[in-house]
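The values are calculated or read from the model by the stated rules, or taken from the named source; none is laboratory data. Just so it is clear, the model here is predicted, and its values are computed rather than measured. Cβ: placed from backbone, ideal geometry, glycine included. Neighbour counts: every protein chain shown.
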């Protein structure tokens, strides 16, 4: 996660962090920078590659051997380390968070499996600060570091990437650093190409500037020793490196207290095919366990294998990868630093379509957009949100339930769907009603007699189809086992083999069964009504959905002949009312669907979409060429009942947009939320 702020003086101090009054964290007053709070981790990686790729490599090597008539050239040390078959490769390695960028790229493509945590089991902390430490009496600020002597843990480490990303925002990082500082110790640097980056290092002969403990100033403890020995003027280290040392108060200044960068902790990485056995070992050899061996202690050194200050491991969510871990801004900041230039701002908006039906509509839109819009596709709304979070897509419109997840992933609302007939995009947004619809002929069914009935839901995770009705049922039963509450359901996005998918109709392929996209015939509010008509007893939906599908308004075969008097609404007090009386008979009122994006793209995307709706909206100049708010099947890209996209007024964060009541409902319902993306996005923020 990355939090932007114009100056470090506005830094927010998380609770339960160590007292920093004895340290000088040089404050950078009135210095503009792209990010000041960066969460990083030390990762535990597994060097097991995809077996298919290894098979291809071995086949090619065998071909080379046959052509040469020999056993072929000997493998290099690098090949042995990174390209050996899975049976002979290393199983795991712990690396600093700054190296996560490399580990997530080809050919490694590694994925995190567990994270070191500090603090306690009851209050685990998975973050640390990168701090700029100087000796007492140094008399200079962070903005006065040019020409000083610097100490870093290693090339590519967080103690290298984070500060230099701020101090040297563009250009070749090594070249710029060699020019910016008078001399440095940066273990792992190319001492022949950049001799000044290794000038302060203390290793002898070939060990000077070595990328291991053979260099005395290697790693965070080494970088601090570099400062302690007087070799450097400033050291960039983790706060954990300096806290706990008995002599720190006499060695380090006590100027302004305030961490310069907030970073995630150290973190295990592994192949997705390998179980996380490290967590099991922590139970035997962690803190307060066996005295014969300690995972988190290094009697013969410092931070060997794992951080000495760690207390254990936390297993990472399944959806976590290096981009998700580092966050969009930090990941691409490192990428730009390695390229030596800042990446250009993309003009074309990349819309994420959910499933092939949305992609087809999106491509029609793209073709007439004049280059303003391009399309990418994912299979589920959450996959689209993940793509936007990681910078692989820019935007989409989604339900308020997904807005909650989007906000937890750092995304922001851009524009809101407005369902009013008055075409004024600045009118206050009213939201819509979540209703429970039943057949009028099933006269005995009430809200209080739903147990054992057959239910239809637009999708798991949506406001109308899941969060509101299931939240109310959870309040009554205290159980998240909703498959046991109903006799059968269609809740797209559930386990296809579960009772929650028993009523689903699927599509043209088996994989479409219960899919959270329009390939499942009962997906969405319109699909949930169809499910009610064909199979179910009760359907949860947006209140406008039924009015759009009766009295001949929906041309699909299943909706022909449907009349208003065929259905009724269930009220929470046990009564029933006509479908036109949702204002007095509903389960909740929730925010409209909204367009979301990353914060730095929000204003630009809003301008593009306002321009596009002037062309292709309800009263657009080019309405006959393309209709943004009409589709078949229904509700593709936007809700079909959208009249226009509206400005948000002051509701520019997910908290403000959803409102306190909705947020309180989601907090209460959190034990029942099964979102893998939500778990990933809240891993370091819980």
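Assorted remarks:
- Qualifying residues in region 218-258 (those that are assigned to a loop (DSSP other than H, G, I, E, B) and under 22 Å from residue 184 (Cα atoms)) - the one modelled with the lowest pLDDT: 253
- Every residue from region 522-561 that is at pLDDT 95 or above and surrounded by fewer than 23 Cβ atoms within 10 Å (Cβ to Cβ): 533, 534, 535, 537
- Condition broken by residue 294, with the remaining ones in (1) exposed (fewer than 14 other Cβ atoms within 10 Å of the Cβ); (2) touching a helix residue (DSSP H, G or I) at 6+ places or on another chain (Cβ under 8 Å); (3) at pLDDT below 70 satisfied: (1)
- Residue tally, condition over 27 Å from residue 618 (Cβ atoms), in contact with a strand residue (DSSP E or B) (Cβ under 7 Å, 6 or more places away or on another chain) and not in a helix (DSSP H, G or I), over region 641-679: 1
- Condition met for residue 202 (touching a helix residue (DSSP H, G or I) at 6+ places or on another chain (Cβ under 8 Å), at pLDDT below 90 and surrounded by fewer than 19 Cβ atoms within 10 Å (Cβ to Cβ)): no
- Any hit, region 647-660, residues being more than 24 Å from the chain's Cα centre (by Cα), touching a residue at least 24 places away in the same chain (Cβ under 8 Å) and surrounded by fewer than 20 Cβ atoms within 10 Å (Cβ to Cβ): yes
- Counting only residues that are buried (at least 24 other Cβ atoms within 10 Å of the Cβ) and in contact with a strand residue (DSSP E or B) (Cβ under 9 Å, 6 or more places away or on another chain), region 481-496 holds 4 of them.
- Yes/no for residue 156 being under 25 Å from the mean Cα position of the chain (by Cα), crowded, with 23+ Cβ neighbours inside 10 Å, closer than 30 Å to residue 324 by Cβ and touching a residue at least 24 places away in the same chain (Cβ under 8 Å): yes
- Residue within region 117-136 that is free of Cβ contacts under 8 Å to residues at least 24 places away in the same chain and in a helix (DSSP H, G or I) present: no
- In this entry, residue 136 passes the filter for residues that are more than 23 Å from residue 168 (Cβ to Cβ) and surrounded by fewer than 16 Cβ atoms within 10 Å (Cβ to Cβ).
- Condition met for residue 222 (touching a residue at least 40 places away in the same chain (Cβ under 8 Å) and either closer than 20 Å to residue 334 by Cα or buried (at least 18 other Cβ atoms within 10 Å of the Cβ) (or both)): yes
- Qualifying residue in region 460-480 (condition: part of a loop (DSSP other than H, G, I, E, B), more than 27 Å from the chain's Cα centre (by Cα), at pLDDT 95 or above and surrounded by fewer than 24 Cβ atoms within 10 Å (Cβ to Cβ)): yes
- Residue 452 being assigned to a loop (DSSP other than H, G, I, E, B) and either buried (at least 20 other Cβ atoms within 10 Å of the Cβ) or in contact with a strand residue (DSSP E or B) (Cβ under 6 Å, 6 or more places away or on another chain) (or both): no
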